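**Q** Quick one: this structure, given as structure tokens, is what I'll be asking you about.
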Amino acid sequence: MTITSEQPGTADRNTRTLSLLRIAVGVLFLFFGEYKVVGTQFTLGGGFEGWIHRFLAEGAAYPFMVPVLRGFVLQHKVAIAFLVAYGELAIGVALVLGVLIRTASVAGLVYMLALLFSSNYPGAQVAPWQYLGASLDHLVLAMCFATFAISRPFAFSLSAMMARRASIGTPVMERIREIQRGRRSVIIVPGGDRGPGDDRSEHRGA
């Protein structure tokens, strides 16, 4: 008797559940990116720059991120603001539609870690658990992205739909190729080379 650890259909249910979570996170990022792209306050109006200055002024950035924010991010604030705005929108579209899921998930994971280290520093003299508590707003989404990147949340996605459509025609084309190969492999035996039992018409009864 074979003992299995999963009930029939468990894998499908897990895939659907992860896929629904993928879509939900995608919807959040659509909202995050939409107002940044449609308006100009975040990109051209100083909104992004203001957040970076706030992180630095409040000591919210991890020490190793401070020179990165001052020396690189603020020096290219407009370009990075547009990258953030359109990046959030692109991640949302990819997750909702189910295209380039792993690429979007890796990008989202990197983005969440960058935000975590830029804005969730609890201070040097705190208990270790406070590092987790201070970063929950970004850490939870980072774990979601990591899960999407290493799993297969492909249900309810354009990728799965296109794969199914492509697989429908495959058996038909294979059958056609088999028939074509069979026709080419037919051997025609000349009449003079037939054996005594090949011509059955000669042995019919009267």
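No value in this document is a laboratory result; all are computed from the given coordinates. Treat the numbers as computed from the prediction; the structure is a model and nothing was measured. Using ideal geometry, Cβ is built from the backbone for each residue, glycine included, and neighbour counts are taken over all protein chains shown.
**Q** On full extension of the chain, what length is gained from ASN14 through ARG181, given 0.36 nm per residue of separation minus the C-alpha to C-alpha distance?
**A** Taking 0.36 nm per residue and subtracting the Cα distance, the gain is 55.8 nm.
**Q** Quickly work out the ARG152-to-PHE31 label distance, labels modelled 7 Å from Cα along the C-beta direction, and quote it in nm with one decimal.
**A** That separation, rounded to one decimal, is 3.2 nm.
**Q** Still on this structure: All other residues with a Cβ under 15 Å from the Cβ of ALA149 taken together, and with Lys, Arg as +1 and Asp, Glu as -1, what is their net charge?
**A** Within the 15 Å Cβ shell, the charges total +3.
**Q** Quick one: compute a quarter of the convex hull surface over the Cα atoms of segment 12-154 and quote it in nm².
**A** 9.0
**Q** So, one more: Beta carbons within 10 angstrom, averaged per residue: use that to sort the peptides 141-147, 43-49, 86-92, highest first. Could the numbers behind the result be given before it?
**A** Values: 141-147: 18.1, 43-49: 16.6, 86-92: 20.1.
Ranked from most to least packed, the peptides come out as 86-92, 141-147, 43-49.
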